[in-house]
Amino acid sequence: MGIARDWRLRSQRYALVGEICDDCGRKIFPPRDVCPYCAEEAQTPFHFSGRGEIYSHTTIYNPPAGFEEFAPYTVALVKLEEGPLVTAQLTDVDPQEIAIGQPVEMVTRKIREEGPEGLIVYGYKFRPRLQAA
Amino acid sequence: MRDVSIIGIGQTPVGEHWNRSLRHLAYDAIAAAMQDAGIERADALYVGNMLSGEISGQSHLGPLIADFAGLRGIEAVKIEGACAGGAAAVRIGYLAVASGLQDIVICAGVEKMTDEVGSRLTSALAQAADADHETVHGISFVALNALLMRRYMYEYGVRHEDFAGFAINSHANAVGNPNAMFRRPITLEAFKRAGMVAAPINLLDSSPMADGAAAVILCPSEQAREFTDDAVRIAASAMATDSLSLHDRHDPLWLQAAQDSARRAYRQAGVGPADIDLFELHDAFTIMAALSLEATGFADRGRGWQLAANGDIRPDGRIPICTMGGLKARGHPVGATGVYQIVEAVQQLRGKAGDCQIPNVHLAMTQNIGGSGATIVTHILEGG
């Protein structure tokens, strides 16, 4: 992979910045150059709240290369409040207690270390939404 | 546009070929297909393959395999569409012959998977997904299918064992196919207690990784009689795409590219689902079989699993599927699978499928799926 590759995705990875389509008004994540709904260009950056709920989930015991040290870990499709689905790991949760529909929120975590340089890739994961005291 | 027919087929057994490399496997299938068609040369070679760069450190398969097969100098190129690369290569060959620009075309699919194992093979397969937005999070290919299957079970109130019929049917059918990897039946009990891979997907929901190669020879239908009395006409050929990532689908539980490519194929052939005598579908995981049946019009949304539960998919059922073992039991050498499906449909239409023969087959459909549904290629073949 490489440093530049992760660096140029920093605003979406660290802050869940996507886009809102100026034409159809839909919110888009991850960001693109062309709206997948109306095919118009020119979107405006949109900061997602990070709140959503679990659409589906599974736990990985046979990880791809680079993720061995984290296994087993749980991945999910999270339905964001603003509409889009996002693929991410779940964190701070017992896999036995995860359920479809469960409210979750985005947190920033270490995703992996890459290559002999040990570049640490940070990005979004989701955890069960904390209840107000 | 010219009508196009298949005049020769070839395949290696699917399995662990420790003594044969990528190029040897491709040659074995191509040589068998050329012999079957009675040809010694061709105008072009299209090679379906996914993983040669990752696993064999080998790109640039077109000239490598053309030269190795004794065809040095012809037009040759690799066609890549993840697990749909095989049928995509046939699609490109079809376009070449139908256009009138080429007469004799070889479409081959080859995959050498067993030279890599474990996490590196898992990584290689995950390249079918979005690197920046799916695989970066450690997603594996099984996991993407598991996300689909869990949501499907949740939305439609389906139990895991309701999918068992897909795996049981494929294994039962593979018993009669000498080229299949797993030629033994499995029971419902075995399905229910199989080891978990990524819940809810267990080992017997999943097709095995394998080595293999298959090839078909295409020519204009008007010339087919010069080569064989057994020609099979390509009544329809269609490819469609969807978003690469699962999370970008407008409806994750609907294979839009399966519906789009099947509709185009039905329209081209002038037929509908009720006219299809057998369907070689892409049962990489049992959930994919259910989704494929729904999107192609054989079952209503959320009901694809019922065709497995009620026996409709068996050889004596309404719409036999995976008649020679499917991906589940014939094996899934990813970039070759789409060509195997077409080779098997030709065997059936020729009436030469041996113990796997389905009686009275006139129209056969094949559907090859790349990624979690991003590239889908559908063919309809018509017997003579």
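The values are calculated or read from the model by the stated rules, or taken from the named source; none is laboratory data. Bear in mind that the values here come from a model prediction, so they are computed numbers and not experimental data. Ideal geometry is used to build each Cβ from the backbone, glycine not excepted, and the neighbour counts take in all protein chains shown. Only protein heavy atoms, including side chains, enter the accessible area calculation; ligands, DNA and RNA are left aside. Shrake-Rupley method; radii C 1.70, N 1.55, O 1.52, S 1.80 Å.
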Just the residues that are aliphatic (A, V, I, L, M), facing chain A (nearest Cβ under 10 Å) and either open to solvent by less than 20 Å² (accessible area, probe 1.4 Å) or in contact with a Cys (Cβ under 8 Å, 6 or more places away or on another chain) (or both), please, taken from region B:147-158. B:147, B:148, B:149
Residues located in region B:305-363, provided they are part of a helix (DSSP H, G or I), in contact with a Phe, Trp or Tyr (Cβ under 7 Å, 6 or more places away or on another chain) and within 18 Å of residue B:273 (Cα to Cα): B:305, B:307, B:308
Go through region B:209-224 residue by residue and tally those that are in contact with a helix residue (DSSP H, G or I) (Cβ under 8 Å, 6 or more places away or on another chain) and not β-branched (Val, Ile, Thr). 9
For region B:214-263 the number of residues that are open to solvent by less than 10 Å² (accessible area, probe 1.4 Å) and among the β-branched types (Val, Ile, Thr) is 4
Restricted to region A:55-73 and to residues being of a type in the set (Val, Ile, Thr) and in contact with a Phe, Trp or Tyr (Cβ under 8 Å, 6 or more places away or on another chain), the residue most open to solvent (accessible area, probe 1.4 Å) is A:59
Name the one entry in B:175, B:142, B:158 that is in the same structural domain as residue B:289 (by TED's automatic domain parsing), over 18 Å from residue B:315 (Cα atoms) and of a type in the set (Val, Ile, Thr). B:158
For residue B:106, indicate whether it is touching a strand residue (DSSP E or B) at 6+ places or on another chain (Cβ under 6 Å) and in a strand (DSSP E or B). yes
Qualifying position, being part of a strand (DSSP E or B), open to solvent by 40 Å² or more (accessible area, probe 1.4 Å) and within 14 Å of another protein chain (Cβ to nearest Cβ), among A:110, A:125: A:110
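Yes/no matrix, rows are residues, columns are (1) under 20 Å from residue B:294 (Cα atoms); (2) within 7 Å of another protein chain (Cβ to nearest Cβ):
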{"site": "B:136", "(1), (2)": "no, yes"}
{"site": "B:141", "(1), (2)": "no, no"}
{"site": "B:160", "(1), (2)": "yes, no"}
{"site": "B:165", "(1), (2)": "yes, no"}
Answer with yes or no whether residue B:228 is among the hydroxyl-bearing types (Ser, Thr, Tyr), at pLDDT 95 or above and outside the structural domain of residue B:166 (by TED's automatic domain parsing). yes
Across (1) of a type in the set (A, V, I, L, M, F, W, C); (2) under 17 Å from residue B:11 (Cα atoms); (3) in contact with a strand residue (DSSP E or B) (Cβ under 8 Å, 6 or more places away or on another chain), residue B:353 clears everything bar (3)
Considering region B:109-134 alone, what residues qualify as being open to solvent by 10 Å² or more (accessible area, probe 1.4 Å), facing chain A (nearest Cβ under 7 Å) and assigned to a helix (DSSP H, G or I)? B:119, B:120, B:122, B:123
In the set A:59, A:44, which member is within 13 Å of chain B (Cβ to nearest Cβ) and of a type in the set (Ser, Thr, Tyr)? A:59
Can you name the residue in region A:14-55 that is outside the structural domain of residue A:89 (by TED's automatic domain parsing) and among the aliphatic types (A, V, I, L, M) and is also farthest from residue A:123 (Cα to Cα) among such residues? A:39
